[in-house]
Every structure is written in structure tokens, then in C-alpha cells.
Amino acid sequence: MESIYWVACWACHRKCRHCYEARFRPYARAALEAVVAEAERNSRLVLENLPPRLTWRDAPAESGERPEKPGRVILAGGEALLNRVRQRVTYPVIEGLRARYAGQGGVKIVVQTTGDLLTPAIVEELLARGVWMISVAGLDDFHVGMEGTAKQEAWRQRLSAMLQAAGMRPSGIAVQNRKALEEEGPVFSFFGATPESWIGKLWPRGRAWENGLSTATLADNFCNRWSGGLNFLRHGEAGAEVSIEPDGSVYPCCLKTRLPLGNLTEEPLLEILESLRDDPAYAAISRGEPERMGLADGWSAEDFIAKSYTVTPRGQPYANLCIGCDRFHEEVLAERVAAARQARRVVPA
């Protein structure tokens, strides 16, 4: 695949009000040990069920050639650099990925972090393990202490100096240049929940939803974009990405559909994707057309749009295609997803 977004652990040192997942928060004592142990245990199983070769091919060039390119694994959280998470989950996963794909086309490893835990020593440890990119995700007003452009720019300059001193260079991905995804590393990037960057209008998920922060409308098709469901079924091709949670659940997008596609502690990723390739609902998600996911089940596009209206937890009217997708999963897809999972478990005679 071109990309896997792997949420390694729920633990975070922040509890941002705009976060798309309420389970990303500080944990203490036994609760912290529980989420770290879950991530530690499941990450080994997930690693075994990733594709044996994590590569992809772009559209044919004028010459007709389609060179094979190494895919990316984005290790995120929560906060992947928390001390206990870093030592017991993040570093072992990085080492496991490097070993798994050595001689198999390689892999580009991205560590996504809020940035405020980075130190020169941690940067060196990441680079020594072959990390291709460090992606700093906390450059916005929602992160406490980062409010205002002056603070954000000062922080960017300070971290840039630290990373450049370690031999890294800024990535073109900061200006949304897709070609930057094929840069030679090690590189670093910055982004945040700002109007200028890709996250733009906040997703109708997690604390962002609970706090009434999402201003997305029906015109905001999160499915039809990078890190949405677009192309998730086209493994081996440009743009294919899935998202994995600490319990091994796998989804077609970072926003997460109401139900997972399957679980990577139990079965291989490619088997899950292949079992759903011909399902019209998931094919529509992969095309970036969620409003058409119910056509084969008697839901017209107009029906889907009608199901996309709701009221926020703050009592405000709201409409977005993610809401319609949630309702289609609840009302139609649940039984089919369960049947597909059961069918994958049946061993041929």
C-alpha cells in the first residue's frame, strides 16, 4: 500500500478540545499501564498481518513505466513519543517494520508527534532506527500554549533548528506538494488544525464533535481526499491508505467508519481488503462517493443525503456525509460486515 496510518497507543499527554478521538488523553498508573500493554501486545500481531511487501505503483508515465515505490507507515497517537509508549511500542514497531520490509522493497517510516516532547536525544534515537520523517502535528491554536501565530512561528523555528542540527531538512509536504512524499529522508514537516492546512474544517468526531467545533457542511466530502476513504481498496496503487487502531481494528479512513473492516490481530490486511473489494458500499467509499454507498441496498443518493442531517451535542443543526455514512453502517452494513468476517475465517476443505 502507499500508506498505513497506525495509531500505536491511546495515551497522550494532552486532552485537546479539537481531537477527533476522545480516547486520546492522559492516563495514569494502572490505566496507563493498561493502554500501553494493549498497544505492546497487539502491535506484534498487527505487524505480522501487514502485507508481506508494502509497495505501490503510480499511474504509468509517458514511457509506460510504473516503477515500484516503498510505502509509508505513519506511527501516530495519542503521543508516540511518551516515554513508556516510545520505549515499549514505538521503537519496537519501527525496528519490526524495518526488519519486515528489508529486502522487500523497503518502507518509509513517519513518526507523528505533537512536537513538544522532542529532544535532540529522541531525534537521534529515531534517526538511528531509520525514521524517514518526523511530522509535527501541534502547530495550531487548539494546542494549549501554542495560541497565536507569533508563538507558533517561534516554536517552528526552535524545532526546525533542532531537527536541522541532527541532519534533517524541511519537507515540501508542508506546502501540500504530493511529490514531497517521495523525497529522500530524513525530513521533517509541520501541520495543524488551521484553515490553511489539510485538516481545515474539523471532523465530526471525538471531542471536536462533543465541543461543537466542526463547521463542516454537506459540501465537505472528507471521504474524497487524502486520509479519507479515497482509493483505500486499491492496495498496490497510488493513494491507497488504511488506518489502524491500538486494538488492531482497521478502517478505510482516519475519521473511522462506524464499524471497522476487520481486525489485524486476527487476520491479514490484504485478505480483509480483498473480501470487501466487490462490496458496492465499500467500492463507493474507495471512489470517494459515500453518497452512493447505498444504491445497491435501496438507498438513493437523495436518501443518503437525508440521513446526513443531525443535531450536534450542543443542539445545533448539522449536516455532513460522515453522518450519513455512520447511519448506513448502523442500519445496513453491520450484518454484512459480520458475515464477511465470518466467511474469511472459514478454512476451505
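The values are calculated or read from the model by the stated rules, or taken from the named source; none is laboratory data. Since this is a predicted model, take the numbers as computed values, not measurements. Cβ coordinates were reconstructed from backbone atoms using ideal geometry, including for glycine residues, and neighbour counts include every protein chain displayed. Accessible surface is based on the protein model in full, side chains and every heavy atom, while ligands, DNA and RNA are left aside. Shrake-Rupley method; radii C 1.70, N 1.55, O 1.52, S 1.80 Å.
A Förster radius of 30 Å combined with the Cβ-Cβ distance from ARG29 to LEU218 puts the calculated FRET efficiency at roughly 0.10. Taking 0.36 nm per residue of separation and subtracting the Cα-Cα distance, full extension of the segment from GLU184 to ALA154 would add 8.1 nm. Taking the centroid of alpha carbons for each part, the range 257-287 and the range 74-132 are 27 Å apart. Scaling against 2.2 N^0.38 Å puts the C-alpha radius of gyration of the range 48-97 at 1.64. Counting only heavy atoms of the protein chains and using a 1.4 Å probe, VAL332 has close to 40 Å² of accessible surface.
Projecting the Cα positions of CYS253, MET146, CYS322 onto the charge dipole of the chain (unit charges on Cβ atoms of Lys, Arg, Asp and Glu, taken about the Cα centre) puts MET146 furthest along the positive direction.
Considering only GLY64, GLY239, GLY298, the Gaussian network model of the chain with Cα springs below 10 Å gives its largest mean-square fluctuation to GLY64. About its Cα centre, how strong a charge dipole does the chain have in debye, to the nearest 20, once Lys and Arg get +1 and Asp and Glu get -1 at the Cβ? About 760 debye.
Tell me the mean residue ellipticity at 222 nm calculated for the chain from its helices only (DSSP H runs of n ≥ 4, each -39500 (n - 2.57), averaged over every residue, nearest 500). Present the calculation step by step, with values, prior to reporting the outcome.
Values: 10 runs with 104 residues, N = 349.
That calculation yields -9000 deg cm²/dmol at 222 nm.
For the residues GLY145, GLY229, GLY115, a GNM of the chain with alpha-carbon springs under 10 Å puts the largest fluctuation on GLY145.
Would you mind checking the pairs LYS201/LYS256; LYS151/LYS201; LYS108/LYS151; LYS15/LYS307; LYS69/LYS201; LYS15/LYS151 and listing those with alpha carbons more than 28 angstrom apart? Working shown, then result.
Details: LYS201/LYS256 16 Å; LYS151/LYS201 22 Å; LYS108/LYS151 31 Å; LYS15/LYS307 31 Å; LYS69/LYS201 32 Å; LYS15/LYS151 20 Å.
Over 28 Å apart, Cα to Cα: LYS108/LYS151; LYS15/LYS307; LYS69/LYS201.
Given a cut-off of under 8 Å on Cα pairs at least six residues apart, what relative contact order in percent is computed for the chain? All intermediate terms of the calculation are to be shown ahead of the outcome.
Values: 672 pairs, mean separation 64.7, N = 349.
Averaging sequence separation for qualifying contacts and normalising by length gives 19 percent for the chain.
Within the listed set TRP132, TRP299, TRP56, the Gaussian network model of the chain (springs between alpha-carbon atoms below 10 Å) gives the highest mean-square fluctuation for TRP299.
State the percent of C-alpha pairs, over all pairs in the range 1-97, separated by a distance greater than 17 angstrom. Walk me through the numbers on the way to the answer.
Numbers: 2603 of 4656 pairs.
Cα-Cα pairs of the range 1-97 separated by over 17 Å account for 56 percent.
Sorted into 5 angstrom bins from 0, the C-alpha pair distances of the range 260-349 split as 3, 13, 22, 20, 16, 12, 8, 4, 1, 0, 0, 0 percent. Remark: spin-label model distance GLU95-GLU271 equals 2.8 nm, labels positioned 7 Å along the Cα→Cβ axis.
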